[in-house]
Amino acid sequence: MSHAVPWPVSLSPTRNYVDGQFVTTAKTFPNICPINGVKLADVHEADAGLVDRAVHAARQALSGPWGRMSPAERSAVLHKVADGIERRFEDFVAAEVSDTGRPVAQARTLDVYRGVANFRTFADLARLAGGETFDMRTADGQDIMNYTVRKPHGVVGIISPWNLPLLLLTWKVAPALACGNTVVVKPSEETPSSATLLAEVMHEAGVPPGVFNLLHGFGPDSAGEFLTRHPELDAITFTGESRTGSTIMKAAAEGVREVSFELGGKNAAVVFADADFDEAVAGVIRSSFTNSGQVCLCSERVYVERSIFDRFVAALKEKTEALKIGYPDEDGVNMGSLISHGHRDKVLSYFKLAVEEGATVVTGGGVPHFGDERDQGAFVQPTIWTGLPDTARCVREEVFGPVCHIAPFDTEEEVIARVNDSPYGLAACVWTTNLKRAHNVSRQFRVGIAWVNTWFLRDLRTPFGGAKLSGLGREGGRHSLDFYSEISNICIRL
Ligand SMILES: NC(=O)c1ccc[n+]([C@@H]2O[C@H](COP(=O)([O-])OP(=O)(O)OC[C@H]3O[C@@H](n4cnc5c(N)ncnc54)[C@H](O)[C@@H]3O)[C@@H](O)[C@H]2O)c1
Ligand SMILES: O=C/C=C/C=C(\O)C(=O)O
């Protein structure tokens, strides 16, 4: 089978980038392609000393040309970075696909597309952002004026996950730089390639040394922990598992650093009988199986009004079994592998647990057989469960794989209570053609974002984040500008 992207992509050794220099280290770890289990490249792991050098370089850069740039000048630099990603678009596609096993079409239309969009959006938002002014006359007749000014926090530590590597890294890097900060980033050990390409683009775009620093490594007792515990970080933004967020929050407490967390989810899709049936089926297929279910916003819980429950389950089963699983560049492929064998073991353990908890496996529940190199990859079957109680672990814990549990409901009040009965509160989607119901139900979900008759449609100016275990703070639009800025108020007696 010929592939547009040859496997494995012979990516150059994955190096760190500190103070404008690409840095190799004595300690490396393998980057494994989850499509066939083949090693792609050696990744150079940053030790505590290199982490320290990166933070100091970032601090130093604040008093260099970068610190003297106006928002408009920074905006121009970020647009050059976006231009650079566009110029190497297919290199970024190959990097994302080889690190993650996702369909090429997804890497093009979501991952790399958003990498460009994130830089362009925040380049413009920061350039056009204004402040606030207030005029006041005091009781004793003094006229005073207050106005705000935005300044960068300083050095921002950015830790990102493996599921949407470039999208989620640039979702943080772009606004942090647009607001005048310098950054030290630590991408996931599972997906080092696109972050390394981003460093090359930054270098080529002439971003001053020390403004963007890249460290490779793991979390605990490695680059991730060394970075989040570094006393000279001014702020930390993290995307990943809730329990990791809790660990990082403890580290950030030393020195009282600003934190922004985008964490786990156990999101619900709610389908009313008055929904456009075919639209709802297609929508739940997308929200359950996109990126092999490895999107924090995916629906692992599906609630369907009882009168259409059996029909909906049958229709979702049929569409799920029609999904094409395979190579990233196969015509019509819908789903690739999971990120790693380790993550596949976790997902398969939930497949086993569901049966032990009494689930009916409507479809899937195992591993596809290809009869070729992909059998050494990390593939699982898209899976549907029914029949579990809301108290089941498989209905309460995030699996982060291509699986959903479908349950019937009878009333709006009931389904709202069940959707909110979760330790998470990231996202939800509701399918209904009743306008009043759409507004009334969606606003009662305790989540950061609720979609109506769609899913994962994003306006980058809107607030994004989660409630409860799903996160702390909001990013997106001016919310990012507020998080990545230190806002001062100036009061003048006129
Ligand atoms: N809310 C969101 O926007 C969002 C987006 C994407 C993913 N996620 C969540 O992320 C999880 C999947 O990503 P993951 O498996 O990479 O998460 P993870 O928490 O295992 O790792 C995320 C990042 O944190 C680093 N890390 C791990 N332990 C650390 C520590 N003690 N100190 C410092 N850094 C540490 C890792 O090396 C990695 O770079 C899922 O729970 C998913 O829901 C949330
Ligand atoms: O896996 C989680 C996806 C998060 C998406 C975003 O943060 C975004 O779309 O900006």
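The values are calculated or read from the model by the stated rules, or taken from the named source; none is laboratory data. All values derive from a computational prediction rather than experimental measurement. Neighbour counts are summed over all protein chains in view; Cβ atoms, including those assigned to glycine, are modelled from backbone coordinates with ideal geometry. The accessibility values were calculated without ligands, DNA or RNA, using every heavy atom of the protein model including side chains. Shrake-Rupley method; radii C 1.70, N 1.55, O 1.52, S 1.80 Å.
Of the residues Gly141, Gly130, which is out of contact with any helix residue (DSSP H, G or I) (no Cβ under 8 Å at 6 or more places or on another chain), at pLDDT below 95 and more than 13 Å from ligand 2 (Cβ to nearest atom)? Spell out the reasoning first.
On the way: Gly141 fails: at pLDDT below 95.
Being out of contact with any helix residue (DSSP H, G or I) (no Cβ under 8 Å at 6 or more places or on another chain), at pLDDT below 95 and more than 13 Å from ligand 2 (Cβ to nearest atom) holds for just one of Gly141, Gly130, which is Gly130.
Restricting to region 81-103, what's the tally of residues that are open to solvent by 10 Å² or more (accessible area, probe 1.4 Å) and either in a helix (DSSP H, G or I) or without any contact (Cβ under 8 Å) to a residue 12 or more places away in the chain (or both)?
Count: 7.
Any residue at all in region 145-152 that's within 14 Å of ligand 1 (Cβ to nearest atom), out of contact with any Leu (no Cβ under 7 Å at 6 or more places or on another chain), at pLDDT 95 or above and farther than 26 Å from Gln21 by Cα? Spell out the reasoning first.
Keep residues of region 145-152 that are within 14 Å of ligand 1 (Cβ to nearest atom), which gives none.
Checked region 145-152: no residue is within 14 Å of ligand 1 (Cβ to nearest atom), out of contact with any Leu (no Cβ under 7 Å at 6 or more places or on another chain), at pLDDT 95 or above and farther than 26 Å from Gln21 by Cα.
Identify all residues within region 481-493 that are in contact (Cβ under 8 Å) with a residue 60 or more places away in the chain and open to solvent by 50 Å² or more (accessible area, probe 1.4 Å); write none if there are none.
We begin by selecting, within region 481-493, every residue in contact (Cβ under 8 Å) with a residue 60 or more places away in the chain; these are 481, 483-493.
Across region 481-493, the qualifying residues are Glu486, Ile487, Asn489, Ile490, Cys491, Ile492, Arg493.
Can you tell me how many residues in region 454-480 are aliphatic (A, V, I, L, M) and open to solvent by less than 10 Å² (accessible area, probe 1.4 Å)?
Adding up the residues that qualify gives 0.
Would you check if there is a residue in region 377-393 being outside any loop (DSSP other than H, G, I, E, B), at pLDDT 95 or above and within 18 Å of Pro103 (Cα to Cα)? Write out each step before concluding.
The first filter runs over region 377-393 and keeps only residues outside any loop (DSSP other than H, G, I, E, B), leaving 383-386, 393.
In the following step, the residues that additionally are at pLDDT 95 or above were identified as 383-386, 393.
Subsequent filtering for residues that are within 18 Å of Pro103 (Cα to Cα) retains none.
Checked against the condition, which is being outside any loop (DSSP other than H, G, I, E, B), at pLDDT 95 or above and within 18 Å of Pro103 (Cα to Cα), region 377-393 yields no hits at all.
State the number of residues belonging to region 193-222 that are of a type in the set (Asp, Glu) and more than 14 Å from ligand 1 (Cβ to nearest atom). Walk me through how you get there before you give the answer.
Taking region 193-222 as the starting set, the residues that turn out to be of a type in the set (Asp, Glu) are 200, 204, 221.
Within this subset, residues satisfying the condition of being more than 14 Å from ligand 1 (Cβ to nearest atom) are 200, 204.
Residues in region 193-222 being of a type in the set (Asp, Glu) and more than 14 Å from ligand 1 (Cβ to nearest atom): 2 in total.
Keeping to region 10-44, report how many residues are assigned to a loop (DSSP other than H, G, I, E, B) and open to solvent by 20 Å² or more (accessible area, probe 1.4 Å). I'd like the intermediate steps shown before the answer.
Initial filter on region 10-44 (assigned to a loop (DSSP other than H, G, I, E, B)): 10-13, 15, 19-20, 24-27, 33-38.
Narrowing the set further to residues that are open to solvent by 20 Å² or more (accessible area, probe 1.4 Å) leaves 10-13, 15, 19, 24-27, 37-38.
Here the count works out to 12.
Among the residues of region 62-100, what is the count of those that are aliphatic (A, V, I, L, M) and over 14 Å from Val173 (Cβ atoms)? Before you say what the answer is, go through the steps one by one.
Looking only at region 62-100, we keep the residues that are aliphatic (A, V, I, L, M), and these are 62, 69, 72, 76-78, 81-82, 85, 93-95, 97.
Those still in the list that are over 14 Å from Val173 (Cβ atoms) too: 62, 69, 72, 76, 93-95, 97.
Total satisfying the criteria: 8.
Quick one: which residue in Glu190, Glu225 is open to solvent by 10 Å² or more (accessible area, probe 1.4 Å), closer than 19 Å to Leu168 by Cβ, within 12 Å of ligand 1 (Cβ to nearest atom) and not polar (S, T, N, Q)?
Values: Glu225 fails: closer than 19 Å to Leu168 by Cβ.
Only one candidate qualifies: Glu190.
Step by step: first the residues of region 239-259, then only those that are away from ligand 2 (no atom under 16 Å from the Cβ) and among the charged types (D, E, K, R), then the one that is surrounded by the most Cβ atoms within 10 Å (Cβ to Cβ). Which residue is that?
In this case the residue turns out to be Arg257.
Consider Val77 carefully, then state whether it is in contact with a helix residue (DSSP H, G or I) (Cβ under 7 Å, 6 or more places away or on another chain), of a type in the set (Val, Ile, Thr) and modelled with pLDDT of 95 or more. Don't jump to the end; show me each part of the working.
Details: in contact with a helix residue (DSSP H, G or I) (Cβ under 7 Å, 6 or more places away or on another chain): no; of a type in the set (Val, Ile, Thr): yes; modelled with pLDDT of 95 or more: yes.
Spelling it out, it is not the case that Val77 is in contact with a helix residue (DSSP H, G or I) (Cβ under 7 Å, 6 or more places away or on another chain), of a type in the set (Val, Ile, Thr) and modelled with pLDDT of 95 or more.
With respect to Val380, determine if the residue is open to solvent by less than 20 Å² (accessible area, probe 1.4 Å), in contact (Cβ under 8 Å) with a residue 12 or more places away in the chain and more than 26 Å from Leu469 (Cα to Cα).
yes
Restricting attention to region 211-222, which residues are surrounded by fewer than 24 Cβ atoms within 10 Å (Cβ to Cβ) and over 19 Å from the mean Cα position of the chain (by Cα)? Working first, answer last.
Initially, region 211-222 is screened for residues surrounded by fewer than 24 Cβ atoms within 10 Å (Cβ to Cβ), giving 218-222.
Across region 211-222, the qualifying residues are Pro220, Asp221, Ser222.
Restricting the search to region 285-315, which residues are in a strand (DSSP E or B) and either within 13 Å of ligand 2 (Cβ to nearest atom) or in contact with a Gly (Cβ under 6 Å, 6 or more places away or on another chain) (or both)? Can you show your working first?
Step one: filter region 285-315 for residues in a strand (DSSP E or B), giving 299-305.
Scanning region 285-315 gives Ser299, Glu300.
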